[in-house]
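Encoded as structure tokens, the structure appears first; notes follow it.
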Amino acid sequence: MVTLLETDAVLKRGFAALAKVDPVMARLAAEGVTPQLRKRPPGFEGLAWIVVGQQVSTASATAIWGRLRAILEPATPEVFLGMSDGSLRAAGLSAGKVRTLRAVATEIIEGQLPLDNLHDYSADEAHSLLTRVKGIGPWTADVYLLFCLGHPDAFPSGDLAVQEAARLAYGLQQRPDAKALNALAERWQPWRGVAAKVLWAYYQVAKAREGAPA
């Protein structure tokens with residue numbers, strides 16, 4: 001079983017480990033870059049929250065989630081499957097997100113998606129279990145593993161902010177794609193999730209220096 005990112009102490013320990021194997025991470029630490037813990041509840045509710053937020057603004061996601069939670073009580077797979085498509089669409093869910101969350105709920109109930117036990121798997125194994133569910137892509141899987149489960153090695157290599165932060169921190173000529181970033185991240189195992197949090201924090205600092213909104 002891995003040590004989950006549940007406390008700031010674990011986050012700091014991971015950052016210190018990264019600084020020992022990567023001079024750039026050591027420089028960011030010396031510059032005072034501070035990653036944030038930022039956790040959300042795990043389980044079906046946490047994954048549903050991430051799906052709701054896909055490809056919409058933060059404000060829209062917050063509004064939709066508020067309407068959904070008002071009718072989804074408790075927020076369990078069983079209750080979700082018992083709701084009509086009309087009620088879910090009225091809350092603001094697209095047809096695609098309704099299908100995705102129904103697939104997630106079904107796989108949890110049938111025991112095909114061990115959402116409550118993903119911490120027993122490596123980040124790559126847990127990622128594969130999530131992405132085999134229709135509608136769950138790599139970004140959604142990695143964000144769930146990192147922010148809901150607190151898996152220290154989950155790495156959202158497709159996140160544009162992480163890619164841009166890596167370009168700036170490592171002085172790359174162009175923003176690395178997911179494949180290139182995964183190659184760079186090999187040195188960070190088993191703390192790739194902490195590295196992602198460091199890069200997100202550095203992205204905020206870099207954008208603030210440029211005077212642009214983060």
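The values are calculated or read from the model by the stated rules, or taken from the named source; none is laboratory data. Please read these numbers as outputs of a predicted model, since none were measured by experiment. Backbone-built Cβ (ideal geometry, glycine too); neighbour counts: all protein chains shown.
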- Hey, does the range 46-55 have a residue that's outside any helix (DSSP H, G or I) and either exposed (fewer than 13 other Cβ atoms within 10 Å of the Cβ) or in contact with a strand residue (DSSP E or B) (Cβ under 7 Å, 6 or more places away or on another chain) (or both)? yes
- Could you check, for the range 114-128, whether at least one of its residues is among the polar types (S, T, N, Q) and touching a Ser or Thr at 6+ places or on another chain (Cβ under 9 Å)? no
- Gln189 being buried (at least 20 other Cβ atoms within 10 Å of the Cβ), touching a residue at least 12 places away in the same chain (Cβ under 8 Å) and either on the phi < 0 side of the Ramachandran plot or not assigned by TED's automatic domain parsing to the domain that holds Tyr121 (or both): no
- Kindly list the number of the only condition in (1) among the charged types (D, E, K, R); (2) within 26 Å of Lys197 (Cβ to Cβ); (3) surrounded by fewer than 20 Cβ atoms within 10 Å (Cβ to Cβ) that fails for Arg99. (2)
- Message: Checking Val24 against (1) on the phi > 0 side of the Ramachandran plot; (2) surrounded by 13 or more Cβ atoms within 10 Å (Cβ to Cβ); (3) not charged (D, E, K, R), only one condition comes out false. Which one?
- Response: (1)
- Message: So in the range 77-118, with the set limited to residues that are in a loop (DSSP other than H, G, I, E, B) and under 15 Å from Ala61 (Cα atoms), which one is farthest from the chain's Cα centre (by Cα)?
- Response: Ala91
- Note on the structure: Ser122: passes all of (1) modelled with pLDDT under 95; (2) surrounded by fewer than 21 Cβ atoms within 10 Å (Cβ to Cβ); (3) over 29 Å from Ala26 (Cα atoms) but (3)
- Query: Any idea which of Gln55, Gln36 is under 22 Å from Ala195 (Cα atoms) and polar (S, T, N, Q)?
  - Reply: Gln36
- Task: Could you please find all residues in the range 161-184 being buried (at least 21 other Cβ atoms within 10 Å of the Cβ) and within 21 Å of Cys148 (Cα to Cα)?
- Result: Val162
- Task: Hey, can you tell me all the residues within the range 125-149 that are surrounded by fewer than 14 Cβ atoms within 10 Å (Cβ to Cβ), charged (D, E, K, R) and within 16 Å of the chain's Cα centre (by Cα)?
- Result: Glu125
- Task: May I ask you to list the residues in the range 166-198 that are within 17 Å of Val143 (Cα to Cα) and part of a helix (DSSP H, G or I)?
- Result: Ala178, Leu181, Asn182, Ala185, Arg192, Gly193, Val194, Ala195, Ala196, Lys197, Val198
- Filter the range 68-79 for residues that are surrounded by 15 or more Cβ atoms within 10 Å (Cβ to Cβ) and out of contact with any Phe, Trp or Tyr (no Cβ under 8 Å at 6 or more places or on another chain); the one that is nearest to Leu4 (Cα to Cα) is Arg69
